[in-house]
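Colleague: Let me begin by handing over the structure; questions about it come next.
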Amino acid sequence: MATNIQAIRGMHDVLPEQTPLWQYAEKIIRNVLSSYGYSEIRMPIVEKTELFKRSIGEVTDIVEKEMYTFEDRNGDSLTLRPEGTAGCLRACLEHGLLNQQAHRLWYYGPMYRHERPQKGRYRQFVQLGVETYGMAGPEIDAELILLMHRLWKQLGLLDKVRLQLNSLGTIAERLIYREVLVNYFKQHQSRLDEDSLRRLNSNPLRILDSKNPDMKEVVANAPELMSYLGEESLQHFKAITAVLDDFGIGYEINTRLVRGLDYYGKTVFEWVTDELGSQGTVCAGGRYDSLIEQLGGKSNHAVGFAMGMERLLALLETRNDLPVAKPVDAYLIRVGEKAEREGLRFAELVRDQVAGLKLQTAVDGGSFKSQFKKADKSGAEFAIILGDDEVDRGEVGIKYLRKELPQETMSQSQAIGFLQQHLEV
Ligand code: ATP
Ligand code: MG
């Protein structure tokens, strides 16, 4: 016998029993985004490797060790997208979208990173990305936070997440801070791990992002970037917190929050949770004005965030009052030759007339008993029973599958009214 082929490590199937929860979250996400007037954009999953090298930065976890890069048949170096910000901006520049007005965009889909798979960390994972262009802020920075706050509320997760906020200032401010930071870390060089020693010259701010517990103290005592910000950066930051204060949205200022990607400036934020162990960041983003010029565009503004859907789903699963959508509302049982034929006609009529009803019927026949078992297993609320006698009389039987109520007999047109009435959305 041939051996089974299995899915790639770190890449998962979402099985039919799991999709209702995904769809529940996706529906709420779409509604919240559209209530702020955001439009969807869809980009290819594969881009030129150069795009990610140039945008994410050579000295980042993603570019250094996580990309799925390959040569295609033409010998071009291509990469499965590890994130969406670069591709989204590439698309907008390519189509001249940034020459016109401001844009509020979102995308949704799989991303690829060759990481060590563990709970909340996969090699294919789904991100919701939200990107805005052409707005200097700080109001748009605050809008993105308000939008996420509304989303958490509608998902019933507001009490499970916290907002962390920081400002990375301008490139010039970071350069000054960088020097201060390098001096500090050099004084404590013996306490740095291998990764951090390497980053000391290439990307010292990333040391602050270290997840190594042994580094915790030396990082905690490092000088704070906030003290090196100029007036404009500080005002920008304060204006955001003023909006949050206005709306009673709680936040923590985390001066160690630098984010893993090189392109951020001024605002950075993360929504974190304590419910998911060490993979606690569910949503992360910030302002990245400078990336636009870095990718060949004219000086402009950009701010956005990305949310990891698997982490969001894991968080939803910690809720004990989840609304679970059933795949089937009503199940049609057909017994007898006439009933089999007429039953199909009736099923189509129901689908014409009862919008939204999920109606399934047994195919390949079978006894009443075996069809009844299938009806029960389907999770349906009612079985609609049709035998040859019922067909002759223009009637159907309705049996409640989840309630102790007697079976009812009614005309087919009454049955349509009955289903309409009982349809729970
Ligand atoms: P981490 O610090 O957890 O590695 P990151 O800084 O690499 O995260 P981003 O690039 O900012 O993450 O991506 C935004 C979000 O996408 C993360 O907050 C997380 O929810 C999700 N995410 C990132 N990498 C993965 C992954 N390998 N598997 C599942 N979700 C992921
Ligand atoms: Mg990462």
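The values are calculated or read from the model by the stated rules, or taken from the named source; none is laboratory data. Just so it is clear, the model here is predicted, and its values are computed rather than measured. Quick reminder, even Gly has a Cβ in these numbers, built from the backbone with ideal geometry, and neighbours come from all protein chains shown. With ligands, DNA and RNA removed, areas are computed over all heavy atoms of the protein, side chains included. Shrake-Rupley method; radii C 1.70, N 1.55, O 1.52, S 1.80 Å.
Colleague: Can you say whether residue 99 is more than 16 Å from ligand 2 (Cβ to nearest atom) and open to solvent by 10 Å² or more (accessible area, probe 1.4 Å), as far as the supplied structure shows?
Modeller: Judged against the criteria, residue 99 is a match.
Colleague: Pull up the stretch 319-341, narrow it to residues that are in a loop (DSSP other than H, G, I, E, B) and either open to solvent by 60 Å² or more (accessible area, probe 1.4 Å) or in contact with a Lys or Arg (Cβ under 7 Å, 6 or more places away or on another chain) (or both), then point me to the one that is farthest from ligand 1 (Cβ to nearest atom). Quick ask: steps written out before the conclusion?
Modeller: Residues of the stretch 319-341 in a loop (DSSP other than H, G, I, E, B): 319-329, 336.
From what's left, either open to solvent by 60 Å² or more (accessible area, probe 1.4 Å) or in contact with a Lys or Arg (Cβ under 7 Å, 6 or more places away or on another chain) (or both): 320-321, 323-324, 326-329.
Working: 320: 23, 321: 23, 323: 23, 324: 24, 326: 28, 327: 27, 328: 32, 329: 34 Å.
The selected residue is 329.
Colleague: What number of residues within the stretch 376-409 satisfy the criterion of being open to solvent by less than 20 Å² (accessible area, probe 1.4 Å) and either of a type outside the set (Gly, Ala, Ser) or assigned to a strand (DSSP E or B) (or both)?
Modeller: Qualifying residue count for the region: 9.
Colleague: Would you check if residue 315 is touching a Leu at 6+ places or on another chain (Cβ under 7 Å) and assigned to a helix (DSSP H, G or I)? Spell out how you get there, then give the answer.
Modeller: Values: touching a Leu at 6+ places or on another chain (Cβ under 7 Å): yes; assigned to a helix (DSSP H, G or I): yes.
Considered against the rule, which asks whether it is touching a Leu at 6+ places or on another chain (Cβ under 7 Å) and assigned to a helix (DSSP H, G or I), residue 315 comes out as yes.
Colleague: List the helices (runs of 4 or more DSSP H) that sit entirely inside the stretch 192-298 and contain at least 2 residues that are within 16 Å of ligand 2 (Cβ to nearest atom), modelled with pLDDT of 90 or more and crowded, with 22+ Cβ neighbours inside 10 Å. Write out each step before concluding.
Modeller: Numbers: elements: 194-202, 216-220, 231-246, 289-294.
Where helices (runs of 4 or more DSSP H) fall fully within the stretch 192-298, none carries at least 2 residues being within 16 Å of ligand 2 (Cβ to nearest atom), modelled with pLDDT of 90 or more and crowded, with 22+ Cβ neighbours inside 10 Å.
Colleague: To continue, here is another question. Counting just the residues of the stretch 62-72 that are under 24 Å from residue 93 (Cβ atoms) and open to solvent by less than 40 Å² (accessible area, probe 1.4 Å), which one comes out nearest to ligand 1 (Cβ to nearest atom)? Let's see the steps before the verdict.
Modeller: Residues of the stretch 62-72 that are under 24 Å from residue 93 (Cβ atoms), as a first pass: 62-63, 67-69, 72.
If we keep only those that are open to solvent by less than 40 Å² (accessible area, probe 1.4 Å) too, we end up with 62-63, 67.
On the way: 62: 7, 63: 12, 67: 12 Å.
Within the stretch 62-72, the match that is nearest to ligand 1 (Cβ to nearest atom) is 62.
Colleague: Hey, could you check the stretch 50-61 for residues that are in a helix (DSSP H, G or I) and open to solvent by less than 10 Å² (accessible area, probe 1.4 Å) and say which is nearest to residue 297 (Cα to Cα)? Steps first, please.
Modeller: Here is the first cut: in the stretch 50-61, the ones in a helix (DSSP H, G or I) are 50-56, 61.
Those still in the list that are open to solvent by less than 10 Å² (accessible area, probe 1.4 Å) too: 52, 55-56.
On the way: 52: 16, 55: 12, 56: 16 Å.
The selected residue is 55.
Colleague: Restricting attention to the stretch 115-162, report how many residues are hydrophobic (A, V, I, L, M, F, W, C), within 30 Å of residue 65 (Cβ to Cβ) and in contact with a helix residue (DSSP H, G or I) (Cβ under 7 Å, 6 or more places away or on another chain). It would help to see each step written out before you state the result.
Modeller: Of all residues in the stretch 115-162, those hydrophobic (A, V, I, L, M, F, W, C) come to 125-126, 128, 130, 135-136, 140, 142, 144-148, 151-152, 155, 157-158, 161.
Now restrict to residues that are within 30 Å of residue 65 (Cβ to Cβ): 125-126, 128, 130, 144, 148, 161.
Then keep just the ones that are in contact with a helix residue (DSSP H, G or I) (Cβ under 7 Å, 6 or more places away or on another chain); that gives 125-126, 128, 130, 161.
The number of residues fulfilling the criteria is 5.
Colleague: Report, by residue number, each residue of the stretch 380-425 that is more than 30 Å from residue 24 (Cβ to Cβ) and either in contact (Cβ under 8 Å) with a residue 40 or more places away in the chain or acidic (Asp, Glu) (or both).
Modeller: 385, 386, 387, 388, 389, 390, 391, 392, 395, 396, 408, 412, listed by residue number.
Colleague: A further question on this structure: Inspect the stretch 233-252 for any residue being more than 27 Å from residue 311 (Cα to Cα) and among the hydroxyl-bearing types (Ser, Thr, Tyr) and give the result as yes or no. Reasoning before the result, please.
Modeller: At the first step, the residues of the stretch 233-252 found to be more than 27 Å from residue 311 (Cα to Cα) are 233-239, 242-243, 245-246.
If we keep only those that are among the hydroxyl-bearing types (Ser, Thr, Tyr) as well, we get 233.
Yes, the conditions are met somewhere in the stretch 233-252.
Colleague: Is the stretch 104-111 home to any residue that is in a loop (DSSP other than H, G, I, E, B) and within 19 Å of residue 40 (Cβ to Cβ)? Outline the logic, then answer.
Modeller: Within the stretch 104-111, the first condition is being in a loop (DSSP other than H, G, I, E, B), and the residues that meet it are none.
No, every residue in the stretch 104-111 fails to be in a loop (DSSP other than H, G, I, E, B) and within 19 Å of residue 40 (Cβ to Cβ).
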